[in-house]
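Novice: Quick one: the structure is below, questions incoming.
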Amino acid sequence: MANTAHWIEAARLRTLPAAIVPVLAGAAVAWNDDLLHPAASLAAVCCALLIQIATNFANDYFDHVKGADTEERVGFVRASSSGLIAPSTMLKASLITFGLAFALGMYLVWIGGWIILAIGIASILAGLTYTGGPFPLAYNGLGDLFVFIFFGIVAVTGTYYVNTAQWSLEALWVSLAIGALATNILVVNNLRDVETDARSNKNTLGVLLGERFLKFEYAAMLILAYSVPVYFLISGGYNFWILLPLISLPLALVLYRRLISVSEKSLLNPHLGRTAQLMALFGILLSAGIVLG
C-alpha cells in the first residue's frame, strides 16, 4: 500500500522549482510596472504547482504503461513501475490533481478572461500528452520544446498577464531565460536515460541526435539565460542590479563541466537536482534584480 513518502517521491519535488520560478519572475516584472496583483500571483503559483505535480503523476503512469521504466533504469524510483503505487491509482491521482488546477484556475479566468482559459486548457492537455496519448511529446523529440514554451514563455508571460491584463515584451525576454534553464533540467534527465530510452523507443533529442547534442544544448541554454540580464543592462532600462543573476554563473560553469565529464549515468541523478537548484537561484536573483533595478 502506498504511503505518504511514496506520493512525495512520485510528485518529484526536485522538479517543482520549474513551476514556481516562472511565476515569481512574471510577478517581478508586474511589480516593476506597479501592476502587481498579489492574489492573482498566488493563484498562479498554486495552479502551476498542481499542474506540475499532475504531470509528474501522469508521466509516472504513462511511462510505466509504455514500458519505458524498466529494471535497467538508472534514474529515481518510479512508483508505478516499482509497484509502490498501483498504476490505476496513479492515473486517478493525476486526473484529480489536474482537476484541482482547473478549478483553481477559474479564478484566474475570472480575472484574465478567455485567453487565460485557453492557456490553462493547453497547459493541462500538454501535461497529459507529454508522455500520454497517440503522439506523446517526450517520445517524439518534442519534450524540450514543450518545457521551453510552457515553463518559460507561457508561465512567465501568462503570470504577467493575470497581474496586469496586458502583454509585455520585457516579460517575454525574461521568459526566454527561465525557459532555457527549465529546459536544462530535462536535458540532464535525457542524458541520464539516453540508453534506456533508446531501448524503449522513447525518442528524446538525446536518442535522435546523440549525447554530444545534449551537452551542446545545455551550454546553449546557459548562454541564452545569462545573456538576458546583460541585454537588459545594455538596453538601458535597468541599472547594475539586473546583473544579480551573474552571481550564479560560477555554479552554472561547474555544472556544465561536470555534465560533459561524467562517466557514470547514475551520477547525473544529483546533477538533475542541482540543475533545478540553479534555475531557482537564477530566477530568484533575476526577480530581485528586476525589482531593485
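The values are calculated or read from the model by the stated rules, or taken from the named source; none is laboratory data. Note that this is a predicted model, so its numbers are computed, not measured. Note that each Cβ is placed from the backbone with ideal geometry, even for glycine, and that neighbours are counted across all protein chains shown.
Novice: Considering only the range 155-177, state which residues are touching a Pro at 6+ places or on another chain (Cβ under 8 Å) and under 21 Å from P38 (Cα atoms).
Specialist: Across the range 155-177, the qualifying residues are A155, V156, T159, S175.
Novice: List, please: which pairs have Cβ atoms under 7 Å, are six or more places apart or on different chains, and start with a residue in the range 195-218 that is aromatic (F, W, Y) and end with one that is part of a helix (DSSP H, G or I)?
Specialist: Short answer, once both residue conditions are applied: F213/L205; Y218/N184; Y218/V187; Y218/Y256; Y218/L259.
Novice: I'd like the full set of residues that are of a type outside the set (A, V, I, L, M), surrounded by fewer than 18 Cβ atoms within 10 Å (Cβ to Cβ) and in contact (Cβ under 8 Å) with a residue 60 or more places away in the chain, limited to the range 101-158.
Specialist: N140, G141
Novice: Out of Y218, Y238, I need the residue that is assigned to a loop (DSSP other than H, G, I, E, B) and surrounded by 16 or more Cβ atoms within 10 Å (Cβ to Cβ). Which one? Walk me through how you get there before you give the answer.
Specialist: Details: Y218 fails: assigned to a loop (DSSP other than H, G, I, E, B).
The unique qualifying residue is Y238.
Novice: Would you mention how many residues in the range 73-88 are surrounded by 14 or more Cβ atoms within 10 Å (Cβ to Cβ), of a type in the set (A, V, I, L, M) and at pLDDT below 80?
Specialist: 2
Novice: Could you list, in sequence order, all residues of the range 172-190 that are in contact with a Gly (Cβ under 6 Å, 6 or more places away or on another chain) and within 25 Å of G236 (Cβ to Cβ)?
Specialist: S175, I178, G179
Residues are listed down the side, and each one gets a yes or a no for (1) within 13 Å of A177 (Cβ to Cβ); (2) of a type outside the set (D, E):
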site: I234; (1), (2): no, yes
site: I242; (1), (2): yes, yes
site: S248; (1), (2): yes, yes
site: I260; (1), (2): no, yes
site: E264; (1), (2): no, no
site: L272; (1), (2): no, yes
site: L278; (1), (2): yes, yes
site: L286; (1), (2): yes, yes
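Novice: Quick check on this structure: which one of Y139, Y130 is more than 26 Å from A30 (Cα to Cα) and in contact with a Lys or Arg (Cβ under 7 Å, 6 or more places away or on another chain)?
Specialist: Unique residue meeting the criteria: Y139.
Novice: Still on this model: Looking only at the range 163-205, count every residue that is surrounded by fewer than 19 Cβ atoms within 10 Å (Cβ to Cβ), among the acidic types (D, E) and touching a Ser or Thr at 6+ places or on another chain (Cβ under 8 Å) and tell me the total.
Specialist: 0
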